[in-house]
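Data first, discussion second: the structure below is written as structure tokens.
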Amino acid sequence: MYDVLILGAGPAGLGAAIYAARAGLSLAVIDQSPISGGQVLNTYEVDNYLGLMGETGGGLSDKFRAHADKLGTEFITDEVKSVEDLGDKKVVRGYERDYEARALILATGAAHSKLGIPGEDRLSGMGVSYCATCDGAFFKNRITAVVGGGDVAVEDALFLSNICKKVYLIHRRDSLRAVKSLQERLFAKENVEILWDSEVTEIIGENAVEKITVYNKKKQQQTEVEINGIFIAVGIVPNTGLFENLVETDERGYIKAGEDCATSCRGIYAAGDIRLKPMRQIITAVADGANAVNSIQSEFE
Ligand code: NAP
């Protein structure tokens, strides 16, 4: 039986791992992917992680993983089927085998939200993408659209503007949610056109994306825009489906836990993007990992 099992090897899980290892706790990190990093792997450039300005998402993930490896962290590649609370013992049932621990840190992160419009699922992988850094290179000198107004949408549009002939950023309101520094960089791009107050209502194409219909809410006007690819960046949904009967969540599925990361179930902690909190960043995820371990140490005392 481990002292701590950490589910998820993104920044929250890896942050927890280095704190748990340094605290002398026995631990393992379980992730369905052998490559650590979570959503950071889909980020081209990370410009707001203290001390590592301009680092790539892949580079930062490698550094996080190397740090945990150096401290002797055990990594297990397995997909979790269910989690059970047996009081002083928590059981994690994986497809490979079962694991037991005195405490759990849930750090399974979040996944991309969908628009839920006609053509989105059918053309997924055929011009519809949720990851510009993964798929952007397929659209060299072509025309793409990014949907959304948050940090991810603006980062994606910036990334694509260096590859594509033209990029449309389509946002449902008249101002962006993204941090000002990203907005300024975006507004300076000559090949980016922003379609404000607009919603994509359909993605059209036979075997690949050919065009989209866009509805301008202010003008109450529908137009067709010819594009070759569309990148959807309309937020995230927490990967908490496995834990909904175990710990309290809000209506969107985020786990209710304060800064100490303690959930409604004793011995189970939530860290990173799955936790109900105002700011989801790499640095706040790492901080959650540290706080969760600190809470576990207090619980074990
Ligand atoms: P986000 O900040 O929640 O933004 C989602 C965007 O999509 C919003 O602009 C939202 O519009 C729009 N949207 C939501 N549902 C929509 C729909 N059905 N149709 C059209 N548009 C829709 O999500 P995110 O950009 O994926 O970022 C997720 C988290 O990661 C955030 O906390 C973000 O700060 C963080 N992050 C930080 C960095 C960084 O610091 N460099 C980088 C990446 C991500 P409204 O604005 O109208 O709500």
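The values are calculated or read from the model by the stated rules, or taken from the named source; none is laboratory data. Keep in mind that what you see is a predicted model, and the values were worked out from it rather than measured. Using ideal geometry, Cβ is built from the backbone for each residue, glycine included, and neighbour counts are taken over all protein chains shown. In case anyone asks, the SASA skips ligands and DNA or RNA and just uses the protein heavy atoms, side chains included. Shrake-Rupley method; radii C 1.70, N 1.55, O 1.52, S 1.80 Å.
Could you list all residues from the stretch 8-39 that are β-branched (V, I, T), open to solvent by 10 Å² or more (accessible area, probe 1.4 Å) and more than 16 Å from Q297 (Cα to Cα)? Talk me through it step by step, then tell me what you get.
Within the stretch 8-39, the subset β-branched (V, I, T) is 18, 29-30, 35.
Filter again for open to solvent by 10 Å² or more (accessible area, probe 1.4 Å), leaving 18, 35.
Answer for the stretch 8-39, where residues must be β-branched (V, I, T), open to solvent by 10 Å² or more (accessible area, probe 1.4 Å) and more than 16 Å from Q297 (Cα to Cα): just I35.
Identify the single condition in (1) of a type in the set (A, V, I, L, M); (2) within 28 Å of M126 (Cβ to Cβ); (3) open to solvent by 20 Å² or more (accessible area, probe 1.4 Å); (4) within 16 Å of the ligand (Cβ to nearest atom) that A178 does not satisfy, given that it satisfies every other one.
A178 satisfies all of (1) of a type in the set (A, V, I, L, M); (2) within 28 Å of M126 (Cβ to Cβ); (3) open to solvent by 20 Å² or more (accessible area, probe 1.4 Å); (4) within 16 Å of the ligand (Cβ to nearest atom) except (3).
Which ones in the stretch 237-253 are surrounded by fewer than 17 Cβ atoms within 10 Å (Cβ to Cβ), in contact (Cβ under 8 Å) with a residue 12 or more places away in the chain and under 26 Å from A178 (Cα atoms)?
Within the stretch 237-253, V237, D250, R252, G253 meet the criteria.
Checking the structure you have, find out if any residue of the stretch 258-268 is among the acidic types (D, E), surrounded by fewer than 20 Cβ atoms within 10 Å (Cβ to Cβ) and touching a helix residue (DSSP H, G or I) at 6+ places or on another chain (Cβ under 8 Å). Please lay out each step first, then the result.
Step one: filter the stretch 258-268 for residues among the acidic types (D, E), giving 259-260.
Filter once more, so that each one left must be surrounded by fewer than 20 Cβ atoms within 10 Å (Cβ to Cβ): 259-260.
Imposing the further condition that a residue be touching a helix residue (DSSP H, G or I) at 6+ places or on another chain (Cβ under 8 Å) reduces the set to 259-260.
Yes.
Quick one: which of N228, N291, N239 is of a type outside the set (D, E), over 26 Å from E155 (Cα atoms) and in contact with a strand residue (DSSP E or B) (Cβ under 9 Å, 6 or more places away or on another chain)? Even if it seems obvious, please write down each step before you answer.
Working: N228 fails: over 26 Å from E155 (Cα atoms); N239 fails: over 26 Å from E155 (Cα atoms).
Of N228, N291, N239, the one residue that is of a type outside the set (D, E), over 26 Å from E155 (Cα atoms) and in contact with a strand residue (DSSP E or B) (Cβ under 9 Å, 6 or more places away or on another chain) is N291.
Restricting attention to strands (runs of 3 or more DSSP E) lying wholly within the stretch 190-231, give those where 1 or more residues are charged (D, E, K, R), open to solvent by less than 90 Å² (accessible area, probe 1.4 Å) and touching a residue at least 12 places away in the same chain (Cβ under 8 Å).
Details: elements: 192-195, 198-204, 211-216, 221-226.
In the stretch 190-231, the matching strands (runs of 3 or more DSSP E) lie at 192-195, 198-204, 211-216.
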